[in-house]
Amino acid sequence: MLRITIVINFMAKNIERILGTSITEYTPNAIKFQGLSLQTLQHILQEGYTKPSAYFNATPSISSFIEFGQRCQKNGVTVSFDGIGYADKKAHDLVIDAITVIGVKDLDFAGEFVKFVWGCDELEINSQQLYAWWD
């Protein structure tokens, strides 16, 4: 049992290093993370921890999250992603289950966000941020 715990902790630290963000919780199979930047998501795709077509339940695909993140950058807003990663990149793809956009001043862009996240389980729109989460 101790050996399994050590291996799991090592795998969690390795994926935490790759993600560049702290892990909020993990099980032997899945690692929950928050606050992943667009650049890190692109790097993770290049490293093979996910595929462009990967998705979680009803979320957009990884490539769609990247494209929307690039639109965010062009509009001068900050985007970050939450999701689930796996220490064994051969077993499962990293997936995104939430998106946060901060700094939106244009209501048209807020409308684009709503269209992008359509079908999410939770949607928050306020003066500080736009947020969507899928269960």
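Overview of results
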| quantity | calculated |
| --- | --- |
| Positions within the range 52-65 being out of contact with any Cys (no Cβ under 9 Å at 6 or more places or on another chain), of a type outside the set (Ser, Thr, Tyr) and open to solvent by 20 Å² or more (accessible area, probe 1.4 Å), in sequence order | PRO52, PHE56, ASN57, PRO60 |
| Scan of the range 46-73 for residues that are among the aromatic types (Phe, Trp, Tyr) and at pLDDT below 95, ordered by number | TYR49, TYR55, PHE56 |
| Scope the range 51-68; condition in a loop (DSSP other than H, G, I, E, B) and touching a helix residue (DSSP H, G or I) at 6+ places or on another chain (Cβ under 6 Å); matching residues | PRO52, ALA54 |
| Unique residue being touching a Lys or Arg at 6+ places or on another chain (Cβ under 8 Å) and open to solvent by less than 70 Å² (accessible area, probe 1.4 Å) when the list is LEU41, LEU45, LEU94 | LEU45 |
| Selected residue [within 15 Å of the chain's Cα centre (by Cα), at pLDDT below 95 and under 21 Å from THR40 (Cβ atoms)] from ASP93, ASP97 | ASP93 |
| Test result for LEU19, at pLDDT 80 or above and closer than 25 Å to PHE68 by Cα | no |
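The values are calculated or read from the model by the stated rules, or taken from the named source; none is laboratory data. What you see is a predicted model; the values in this text were computed from it and never measured. All Cβ positions, even for glycine, are placed from backbone atoms using ideal geometry, and neighbour counts span all protein chains on display. Each accessible area value is taken on the protein alone, full model and side chains, heavy atoms only, with ligands, DNA and RNA left out. Shrake-Rupley method; radii C 1.70, N 1.55, O 1.52, S 1.80 Å.
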